[in-house]
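Down below is the structure, laid out as structure tokens.
The values are calculated or read from the model by the stated rules, or taken from the named source; none is laboratory data. Keep in mind that what you see is a predicted model, and the values were worked out from it rather than measured. Ideal geometry is used to build each Cβ from the backbone, glycine not excepted, and the neighbour counts take in all protein chains shown. We work out accessible area using only protein heavy atoms, side chains counted, and drop any ligands, DNA or RNA first. Shrake-Rupley method; radii C 1.70, N 1.55, O 1.52, S 1.80 Å.
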Amino acid sequence: MRVTALPPDAHTGFITLQVQPCDVDLFAGCGALARGPVWVAHWVLHVWVCSTCCPACTSRSSGCVSPVLFAGITAADTKGRNMQTTPATRIYTIHQHLINKGRPDSHTMRDVWAEVFDIPKGAPHLDDWVIEAALAFRAEVDLTSKHLDALQVPPTLTSSVFPRLRNAANPVVFGTQWGNHKAALQAPECALVLSWSAWVLKQFGEDEIAQEQFAAIVAHLAELEQLLQATEMPPALHAFVQRQVDDIRAALRMYPIQGIKALKKAVDTATGAFAAPDEAVAEEYKRAGPEVKGVFKKTFDALKQAAEVAGNAEKLTSAVEAIYGSASTAAPHIKAIGQSVLSALGN
């Protein structure tokens, strides 16, 4: 898969990703360009790339790329620094998408949130992904409330709004209809409180991921999984690589909700996996041929790339060197794998 991030259009404000998953047009005739709208002071692009839409990717056994969610791609400012976002800003953005999209009152809240989070009906594990996203959204609401408490903002200023958002995103109500929640969520005070909170909490800003960095990680993961499917891998190594791909991809999927901390968490988890691999993984690596070892190295390259974007590169280096840096102290079963990781770390 090849992904090219183009600059925002000067007239429409759209960001464009040019995506070529195989050697055929994306979405089998729908074109290879996917575009997304501007959302509240920063660029957000939502594009769903699904292998089932591609004639060459009709099954998991075909060796092609599995579904990938491109979300939350942002642009750097004119001085080359990433713009910043906050939990409050993300909540406001999501709320605007929730209330400004016309939909029948009969839609279930599960379908409403799937639409808000750009999870298509044909997505694998749809229910799990919607629940995961909704719970993350509720956590961001709670975090925003804590930030306001830290500034000694009277709870009465937000107490009429935050519970509405948490209740609407509770999986318990996913079977209820949008019409039961619409009036409360569209009430003017909701947007007012959320926009005010976003302004007040600017000091809690988090770095955003530049669109080029986001697209590069997505492309690297897609290429890695394509290589994984095309390579005959021992079971433990295959599961190890797939887990890293899935975790980093899930973090990118959650980026519009949780921001960069989702990627930081995924990088920390993967760092631990590489720093202390299971004995089965290490033994299979020791016996593996160059092709399999190449897939493993590319997996670590993807982690290193994600760590650099998340600001965790030094932490990754320290953890790996602490485990593998001394041949005399390294456990015997991980010495071979350690040489590969240290080599990749130096590239």
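For residue 206, the residues whose modelled amide H falls within less than 5 Å of its own, excluding neighbours fewer than 5 places apart on the same chain, are 85, 86.
Ranking of 193, 172 by solvent-accessible surface, largest first: 172, 193 (1.4 Å probe, protein heavy atoms only, all chains present).
Taking all protein chains as present, what is the carbon and sulfur share of the accessible area of segment 177-313, in % to the nearest whole number, probe 1.4 Å?
Working: 2970 of 5500 Å².
The C+S portion of the solvent-accessible surface of segment 177-313 is 54 percent.
Rolling a 1.4 Å probe over the protein heavy atoms of segment 100-166, with every protein chain left in place, gives an accessible area that is 55 percent carbon and sulfur. Scaled against 2.2 N^0.38 Å for its residue count N, the alpha carbon radius of gyration of segment 143-274 is 1.43. Taking Cβ atoms as reference points and 15 Å as the exclusive limit, the residues near residue 262 contribute a net charge of -1, counting Lys and Arg as +1 and Asp and Glu as -1. Filter 182/261; 264/298; 101/121; 293/315 down to the pairs with a C-alpha to C-alpha distance above 26 Å, please. Pairs exceeding the cut-off: 182/261.
Where Lys and Arg each count +1 and Asp and Glu each count -1, what net charge lies around residue 176 among other residues with Cβ under 13 Å from its Cβ? Around residue 176, the charge tally is 0. Here the Karplus curve 6.51 cos²θ - 1.76 cosθ + 1.60, taken at θ = phi - 60°, turns the phi angles of segment 145-152 into couplings of 4, 5, 4, 5, 4, 5, 8, 6 Hz, with x standing for Gly and Pro.
Which value, to two decimals, describes the C-alpha radius of gyration of segment 225-324 once divided by 2.2 N^0.38 Å?
For segment 225-324, the normalised Cα radius of gyration is 1.07.
Rounded to the nearest 10 square angstrom, residue 89 shows an accessible area of 30 square angstrom against a 1.4 Å probe.
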